[in-house]
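The values are calculated or read from the model by the stated rules, or taken from the named source; none is laboratory data. These figures come from a predicted structure and were not determined experimentally. Don't worry about glycine lacking a Cβ; one is built from the backbone with ideal geometry, like all the others, and counts go over all protein chains shown.
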Amino acid sequence: MRLVPPLFSRLICIKNNSNRKTMILPILAYGDTILRKKTKSLSKDYPKLDVLLDNMFETMYAAKGIGLAAPQVGLPVRLFIVNATPFEDDEDLTEAEREFASTFVQVFINAKMVEETGDEWAFNEGCLSIPEIREDVFRKKNIKIEFYDEKFNKHVKEFNGIAARIIQHEYDHINGILFTDKLSILKKRLIKGKLENISRGKIEVEYRMRFPKTKKKH
Ligand code: CO
């Protein structure tokens, strides 16, 4: 998921502590079949998971993302990362939400949504795979989710508001769902041409991407 740029101006990048060399991975654009693929669970012995996570964080920060799912970097596995820290300054949020967001950086492995409850609310979502398109998406306010962290410790946690929102968006990615799928038929029709342009790489984007309908790489 991606934020509007101004909010990102004060993002503090949380770098990994190791001296490993990280790599910014190309983000797959709308239309790539990997974004729609069925994803596999990760086992504890998944090769070089630490390197993959470092690269995913680096890729997400470079693209000013607040979430990134493995299928977006070409891996159809049940893994996503979240970084809500840019929301610590968002005046539209409650004090409690800002406080929570300020430290919310989390790896989600083999996540399973346990329940989604509460009223649906609209939030203007964006996605690193779908640059320049932002639309209001309705989702339920509270979630309970089961997942493993990077050390394969199991958690069952509840989230609400903006934290839940980012998780729901990323969780959709590991199920092959994109936020544009959730729009009305009319909205979908209105953005059809833009989506086609994204697939063809006919777009200006300031981070590294790979487009399915062209050989062009950014
Ligand atoms: Co996304």
*asked:* Given the criteria more than 12 Å from the ligand (Cβ to nearest atom), at positive phi, among the hydrophobic types (A, V, I, L, M, F, W, C) and outside any helix (DSSP H, G or I), does residue 152 qualify?
replied: yes
Of those in segment 65-93 that are among the β-branched types (Val, Ile, Thr) and over 16 Å from residue 166 (Cβ atoms), the residue surrounded by the fewest Cβ atoms within 10 Å (Cβ to Cβ) is 77
ask   = Would you call residue 147 in contact (Cβ under 8 Å) with a residue 24 or more places away in the chain, assigned to a strand (DSSP E or B) and either more than 15 Å from the ligand (Cβ to nearest atom) or over 14 Å from residue 106 (Cα atoms) (or both)?
value = yes
If we keep only residues of segment 170-218 that are of a type outside the set (D, E, K, R), free of Cβ contacts under 8 Å to residues at least 40 places away in the same chain and in a loop (DSSP other than H, G, I, E, B), then the residue farthest from residue 133 (Cα to Cα) is 214
Of the residues in segment 30-53 that are among the acidic types (Asp, Glu) and surrounded by fewer than 19 Cβ atoms within 10 Å (Cβ to Cβ), the one that is nearest to the chain's Cα centre (by Cα) is 50
Filter segment 18-29 for residues that are among the β-branched types (Val, Ile, Thr) and at pLDDT 95 or above; the one that is surrounded by the most Cβ atoms within 10 Å (Cβ to Cβ) is 27
| request: Could you please let me know if residue 133 is within 18 Å of residue 1 (Cα to Cα), touching a Phe, Trp or Tyr at 6+ places or on another chain (Cβ under 9 Å), assigned to a strand (DSSP E or B) and away from the ligand (no atom under 16 Å from the Cβ)? | output: no
Verdict on residue 134 being under 16 Å from the mean Cα position of the chain (by Cα) and either closer than 19 Å to residue 85 by Cα or among the hydroxyl-bearing types (Ser, Thr, Tyr) (or both):
no
query = Do the conditions hold for residue 55, that is, is it over 18 Å from residue 22 (Cα atoms) and more than 16 Å from the ligand (Cβ to nearest atom)?
reply = no
If you go through 187, 182, the only one that is within 15 Å of the ligand (Cβ to nearest atom) and over 23 Å from residue 63 (Cα atoms) is 182
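A quick yes/no check of all residues on (1) out of contact with any strand residue (DSSP E or B) (no Cβ under 9 Å at 6 or more places or on another chain); (2) polar (S, T, N, Q); (3) within 16 Å of the ligand (Cβ to nearest atom):
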position: 64; (1), (2), (3): no, no, yes
position: 93; (1), (2), (3): yes, no, no
position: 105; (1), (2), (3): no, no, no
position: 121; (1), (2), (3): no, no, no
Restricting segment 94-130 to residues that are surrounded by fewer than 16 Cβ atoms within 10 Å (Cβ to Cβ) and in a helix (DSSP H, G or I), the one nearest to the chain's Cα centre (by Cα) turns out to be 99
Note on segment 23-52: residues in a helix (DSSP H, G or I) and not polar (S, T, N, Q) are 34, 35, 36, 49, 50, 51, 52
